[in-house]
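The values are calculated or read from the model by the stated rules, or taken from the named source; none is laboratory data. Because the structure is predicted, anything quoted here is derived from the model rather than measured. Cβ placement follows ideal geometry from the backbone for every residue including glycine, while neighbour counts extend to all protein chains displayed. Note: areas computed on protein heavy atoms with side chains; ligands, DNA, RNA excluded. Shrake-Rupley method; radii C 1.70, N 1.55, O 1.52, S 1.80 Å.
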Amino acid sequence: QVQLVESGGGLVQTGGSLRLSCTASGVTFSYHSMGWFRHLPWKEREFVAQIGWSGDSVDYEDSVKGRFTISRDNAKNTVYLQMNSLKPEDTAVYYCAATRHVGVRETSQYDWWGQGTLVTVSS
């Protein structure tokens, strides 16, 4: 059974930082690209960042470029999202997801999802 478990969310002030983690089990982690998405109830789930299986290929949504960094540690089956210079509009539930595809942003291309972790950025 595949499980993705996110952690690291919380409340932070504008300009602050958080690091999200997502640990996978039940899947060959190093064979999968990993993505981070975020969701608010009145919006569709949106792509944030994606990293290839080896860590060499990364992709970011435009609004987070230069502020967020995605990375992974295959020995720990964990993907990270370092979020700096946070803004109130970054407030959302953040989800990690795994895919067997390469370089995809569409939610439909991801096979497994975590339960989400809430990030709240106060103004």
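Worth pointing out:
- Residues satisfying the stated conditions in segment 11-36, i.e. crowded, with 17+ Cβ neighbours inside 10 Å and either over 28 Å from S123 (Cβ atoms) or β-branched (V, I, T) (or both): V12, T23, A24, V27, F29, H32, S33, M34
- Flag for S71 being in a helix (DSSP H, G or I) and open to solvent by less than 60 Å² (accessible area, probe 1.4 Å): no
- Lone unmet requirement of (1) more than 12 Å from the chain's Cα centre (by Cα); (2) not in a loop (DSSP other than H, G, I, E, B) for D59: (1)
- Residue satisfying all of: in segment 37-57; under 14 Å from L118 (Cβ atoms) and hydrophobic (A, V, I, L, M, F, W, C); surrounded by the most Cβ atoms within 10 Å (Cβ to Cβ) among these: F37
- Against the conditions (1) under 19 Å from S7 (Cα atoms); (2) free of Cβ contacts under 8 Å to residues at least 60 places away in the same chain; (3) in a loop (DSSP other than H, G, I, E, B), Q115 satisfies every one except (2).
- Among residues of segment 1-45, those that are touching a Pro at 6+ places or on another chain (Cβ under 7 Å) and free of Cβ contacts under 8 Å to residues at least 40 places away in the same chain, counted: 0
- Answer residue from segment 6-29, given it is of a type in the set (A, V, I, L, M) and over 11 Å from the mean Cα position of the chain (by Cα) and is nearest to G116 (Cα to Cα) among those: A24
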